[in-house]
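Each remark here refers to the structure printed beneath this line.
The values are calculated or read from the model by the stated rules, or taken from the named source; none is laboratory data. For clarity, every value in this text was computed on a predicted model and none was experimentally measured. As a convention, Cβ positions derive from the backbone with ideal geometry for all residues, glycine included, and neighbour counts pool all protein chains shown. These accessible areas exclude ligands, DNA and RNA; they are computed on the full protein's heavy atoms, side chains included. Shrake-Rupley method; radii C 1.70, N 1.55, O 1.52, S 1.80 Å.
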Amino acid sequence: MTAIPAATTTTHLMTINMGPQHPSTHGVLRLLLELDGEMIIKAVPHIGFLHRGVEKLAEYRTYHQCIPLTDRLDYVAPFSNNLAYALTVEKLLGMEVPERAQHIRVILCELTRISSHLLWLATHALDLGAMTVFFYCFRERETIYDIFEMVSGARMNLSYIRVGGVSRDLPGGFLEKTRNFIAEFPARLNEYETLLTENIIWKKRTVGVGVISAEDAIDYGLSGPSLRGSGVNWDIRKAEPYSSYDKYHFTVPLGKNGDVYDRYLVRIEEMRQSNSIVHQALNILPSGDFIARIPNITLPPKEDVETKMESMIQHFKIIIDGIKPPKGEVYTSIEAPKGELGFYIVSDGSSHPYRLKIRPPSFVNLEALPKMVEGRLLPDVVAVIGSLDIVLGEIDR
Amino acid sequence: MNKEFLVYFIIACVKILLVFGVVQLMIISMIWLERKVMAHMQVRLGPMRVGPHGLLQPIADGIKLLFKEDIIPQKASKLLFILAPIMTVVPALITFAVIPFGDKVKILGYNVDLVITDINVGFLYVFAVSSLGIYGIVMAGWASNNKYSLLGGIRSSAQMISYELTLGLSLIGVVMLTESLSLVDVVNGQAKLWNIVLQPLGFFIYCTSAFAEVNRCPFDLPEAESELVAGYHTEYSSMKFATFFMAEYANMITVSAIAVTFFLGGWHGPFLPPVVWFMLKLSACLFFFIWVRSTYPRLRYDQLMNFGWKFLLPLSLFNILITGFIMILKG
């Protein structure tokens, strides 16, 4: 055997276009991958296939009309989007929200967190070949969506939260149905964990994959479970409590190694904590009004609109003219299921936002993808995309 | 032409047609079974509309695929592209030629062996034929002129070659015990005690390698839809795709039949007729395939290779060593 001289062997990189129709890029993400064999030399995410110009559209709508736009950002967690937007406008107006409304918001946002994490777990496991978990997760998600339907009449684009509170009170049967769900959910969660957590193949696919150190995670601006997986204790619910989150007892699960497996464990534990928050909220849910009654900002009660002339005029004025917050700039962020979701509003005193800027967690988290996958193998890309839990609706806006 | 040869010829033809028909039927029922069993494991119903409990679903699927437009990519290598599915399905089917599915029976005064042909090197035949199937997949991956297909093709060729080795070695223990390469002898040797008792390690290695050999979960990397879209058959449509599909199921049935023959006592069993026992054991093996698929995630390509070469291969060599050692001790 004669050795082949080094000069005659040349290798070519293969450029592969992953997406936007690829099954596991979670929507319409397009990745340009340069491969050496199956090893990734370079990964470049291309986004924008789902761009609808939400920020620009908002400039031509009254503050209330913007709420349905927010549903369509992270469409698997619409309550959180509604809440972040409503909180921002409320801050701009400097108004207080009734207690009952705050707790209702907490219940729904935590249910949203569970449903969003369920969808993440389902698709993440499916990407790694564990098919059955997918259907188990969707079974529970279905129950949550039934609850959402009870509350708001819609299943996906809920638009339930209003500036000043929520659009209507919780319907009869809600408490019972939610109690049933949270009573049985921990057992279901254990069911998923039996299939995955200690599964040797699952661990082989996730442990040590897509590692990002705590410093890097902060430098890249990661937030949410993707940040906490690296061991950084940053949860806006704890750091800057909103909507009376300071009244609840819950722990913020942290990872150690910042790999796909740790992010998995963090999200699983977060679902448990959310379950416990909903449980607490149901117990301390006070009675009272579900929306602040402030003339020229919130709509008057429907009965009054039908019987009183003044209320009807007020209703008409708010619908037609919208609310007119004072001039100013304001930023508020919340802990959405995927990380820090922030809204930045510039108001010129008119009934439309002068500028609405959204800080979507997925958009920022996605930026860390090339760092996590370069030098690793093609199958790791789907594992890492899954563990970042991105939704293209809010990336492209 | 003498009479004896004619009878032999007719019997052989009938057996071939019978086995071929039964295998085809099994493929069809296997498709239905997989969808149904997995559905029930995943808290859903599976096909319900076509026929009672979706029994006719595989036929509906087949008809649908048959009438789909058959697309050959413009830049594909046409000959290889067409040849590939054939190359995969034929070896999967002809392996059955040596698998004994029952004892000798007397029909119209003639002794008939319930095996198409009993070759004295049946063991080698099985492996020679089944390794041909790889060519089909490699050809499909290459001829499609698609990067995903190519990656799928490369993966599967590497995977199947690696695991072919352990698959063969895992059966050596049985061959040593039987002292014959004929599959009929292997089955006859298990009249008293099944080989799974004598060769538990061999059985474990065989099962693991078999999953890799037929590209089934957790080793279904060549067609990992989340990474490689559909792997080597990304560009295939219509009946060519259906042929790949059939080949996968035929392969599953083949490796299950070999498992039954080598480890689970072949057609031996009390009370019921031999053929029934054979079918029962075969169904149990196939059920196991489905069960695993709905339980496990998928391994990564390099992990699969490591597992095969660094763990399974030494283990199967160790198994042969131990078997030989004990045989010498026992005399």
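Structural remarks
- Shape call, segment B:17-75: gyration tensor on alpha carbons, a/c limit 1.5: oblate
- The relative contact order of segment B:164-323, computed from alpha carbon pairs under 8 Å that lie at least 6 residues apart in sequence, is 35 percent.
- Interface burial for B against A (accessible surface, 1.4 Å probe, total of both chains, Å², rounded to 100): 2700
- Partner shielding of B:288-299 amounts to 5, given as the average count of beta-carbon atoms from other chains within 10 Å of each residue beta-carbon.
- Percent carbon-and-sulfur accessible area, segment A:189-286, ignoring ligands, DNA and RNA, probe 1.4 Å: 54
- For segment B:103-177, the equivalent ellipsoid built from the Cα gyration tensor has semi-axes of 37, 18, 7 Å, listed from largest to smallest.
- Gyration tensor (alpha-carbon) shape descriptor, segment B:35-133, a/c threshold 1.5: oblate
- Residue pairs exceeding 26 angstrom between C-alpha atoms, taken from B:Lys3/B:Lys281; A:Lys324/A:Lys357; A:Lys177/A:Lys317; A:Lys56/A:Lys302; B:Lys15/B:Lys36: B:Lys3/B:Lys281; A:Lys177/A:Lys317; A:Lys56/A:Lys302; B:Lys15/B:Lys36.
- When the alpha-carbon atoms of chain B are used, the pair Rg, Dmax equals 20.5, 65 angstrom.
- Probe 1.4 Å, protein heavy atoms only - accessible area per residue of the protein assembly as shown in square angstrom: 43
- Spin-label proximity, B:Ser238 to segment B:106-138 - amide N less than 18 Å from point 7 Å beyond Cα toward beta carbon: none
- In straight-distance terms, cross-link reach from B:Lys147 covers every one of the lysines whose alpha-carbon lies under 20 Å from its own, apart from those fewer than eight places away in the same chain; here that gives A:Lys42, B:Lys75, B:Lys78, B:Lys240.
- Over segment B:112-256: Rg over Rh, Cα atoms, Kirkwood Rh: 1.04
- Our summary gives chain A a relative contact order of 26 percent, counting only alpha carbon pairs under 8 angstrom and 6 or more residues apart.
- Placing +1 on the Cβ of every Lys and Arg and -1 on the Cβ of every Asp and Glu, with no other charges, gives chain A a dipole of roughly 400 debye about its Cα centre.
- Taking GluC sites (Glu not before Pro) across segment A:138-222, the ones in a DSSP loop with at most 15 further Cβ atoms lying within 10 angstrom of their Cβ are A:Glu198.
- Percent of Cα-Cα distances greater than 16 Å, calculated over segment B:244-304: 55
- Heavy-atom accessible surface of segment B:3-330: percent carbon and sulfur, 1.4 Å: 73
- Straight-distance crosslink candidates among aspartates and glutamates, where the alpha carbon sits under 19 Å from B:Lys68 and sequence neighbours closer than 8 are dropped: B:Glu235
- Here's how it looks for A:Leu35: its modeled amide H is under 5 Å from those of A:Met14, A:Thr15, A:Ile16, A:Ile41, which are all 5 or more places away or on a different chain.
- When Rg and the Kirkwood radius Rh are both evaluated on Cα atoms of segment A:86-202, their ratio Rg/Rh stands at 1.07.
- Of the residues B:Gln42, B:Val98, B:Thr178, the one whose Cα sits farthest toward the positive end of the charge dipole of chain B, with +1 on the Cβ of Lys and Arg and -1 on the Cβ of Asp and Glu, is B:Gln42.
- Shape call, segment A:54-396: gyration tensor on alpha carbons, a/c limit 1.5: prolate
- Complex-versus-alone comparison for segment B:29-46, residues with a loss of 10 Å² or more in accessible area, probe 1.4 Å: B:Met38, B:Met41, B:Gln42, B:Val43, B:Arg44
- Average beta carbon contacts from partner chains per residue of A:122-131, 10 Å cutoff: 5
- The simple Förster model, with R0 at 56 Å and r as the Cβ-Cβ distance, assigns A:Glu99 and B:Ala60 a FRET efficiency of 0.45.
- Database remark: amide H of A:Gly165 closer than 5 angstrom to the amide H of A:Ala292 (H placed geometrically; neighbours at sequence offset of 5 or more, or on other chains; Pro and chain starts carry no H).
- Between B:Ile107 and B:Ser29, the FRET efficiency estimated from the beta carbon spacing at R0 = 22 angstrom works out to 0.25.
- Equivalent ellipsoid semi-axes - Cα gyration tensor, segment B:279-331, angstrom: 30, 22, 6
- Binned Cα-Cα distance frequencies in the protein assembly as shown - 20 Å width, integer %: 15, 40, 29, 13, 3, 0
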